[in-house]
1. Looking at residue 209 and the list (1) surrounded by 16 or more Cβ atoms within 10 Å (Cβ to Cβ); (2) under 30 Å from residue 64 (Cβ atoms); (3) in contact (Cβ under 8 Å) with a residue 24 or more places away in the chain, which single condition is not satisfied?
2. If you check 280, 287, 252, which single one turns out to be surrounded by 11 or more Cβ atoms within 10 Å (Cβ to Cβ), assigned by TED's automatic domain parsing to the domain that holds residue 311 and either free of Cβ contacts under 8 Å to residues at least 40 places away in the same chain or assigned to a loop (DSSP other than H, G, I, E, B) (or both)?
3. Please work out which residue is farthest from residue 252 (Cα to Cα), limiting yourself to region 307-322 and to residues that are surrounded by 14 or more Cβ atoms within 10 Å (Cβ to Cβ) and modelled with pLDDT of 95 or more.
4. Exactly one of these conditions fails for residue 241: (1) outside the structural domain of residue 163 (by TED's automatic domain parsing); (2) in a loop (DSSP other than H, G, I, E, B); (3) surrounded by 13 or more Cβ atoms within 10 Å (Cβ to Cβ). Give me its number.
5. Counting just the residues of region 55-86 that are assigned to a loop (DSSP other than H, G, I, E, B) and modelled with pLDDT of 75 or more, which one comes out farthest from residue 131 (Cα to Cα)?
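The values are calculated or read from the model by the stated rules, or taken from the named source; none is laboratory data. Not measured: the values here are computed from a predicted model. Using ideal geometry, Cβ is built from the backbone for each residue, glycine included, and neighbour counts are taken over all protein chains shown.
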């Protein structure tokens, strides 16, 4: 490779494609740089921290990431190369710190061997500032909360889902300090946005960490959302009205005796819906308690495979007969 490069330079000079002055200027500059990099320098490097050996039941509650200034002495070549290394210092909380109440106290002198290993034998550590770090922590607690689906889903005309969207899991464990998790009652998902849906839904979406806690963790990062989407149609049936709790010596006449009911059902289930799948009742005890002149009919039984069920009549008139 060097032989090829040298031959190219020689040909360029002979062909006068390369300015001779420029070539010598470049060579002089390279020599100057090499001479500078060959000298010894003392430099202060500002590095972030990387916490290691943190017990599983502990969470750090510090509000900021500290910086450490490390003054080193080394040759320019090594110093130049250090700018391409990892810009953090390992903070070993198990070996280089001790616990004082609810804080870790990190001592730079204890950490010196680890820091030397990071830089290597070509670096001489002159000083470390600060020489002590105070790192507050809390004991982890676990709280199970429901997951709230953040969705913007519309279905194509005539399409719907009977059971809605189902999330698996439907709850998640929040892991953090007591002060952070006490006020959290649910965890939201990222927005699920689907328009004019005609097909079954089966997708994964991320969970969002509550903004209140920067050290919180979740037992799950994603949830699976599914929904069975079908073509729906409207059906109507006439359902008989039943009067409950009528005293044996009381006779009434009521009307209407049949109520028309509308509902939505999937095309595949339409033919299976029967009037006996519904039950509408009125309670005579409600009349006694309220002294109303009419019954309020209520559904007591509905098929599981229908939705948006409505009665066309919301009052049942009656008269007491002898």
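1. Status for residue 209: all satisfied but (3).
2. When all the criteria are applied, what remains is 287.
3. If we take residues in region 307-322 being surrounded by 14 or more Cβ atoms within 10 Å (Cβ to Cβ) and modelled with pLDDT of 95 or more, then 309 is farthest from residue 252 (Cα to Cα).
4. Residue 241 satisfies all of (1) outside the structural domain of residue 163 (by TED's automatic domain parsing); (2) in a loop (DSSP other than H, G, I, E, B); (3) surrounded by 13 or more Cβ atoms within 10 Å (Cβ to Cβ) except (2).
5. 55
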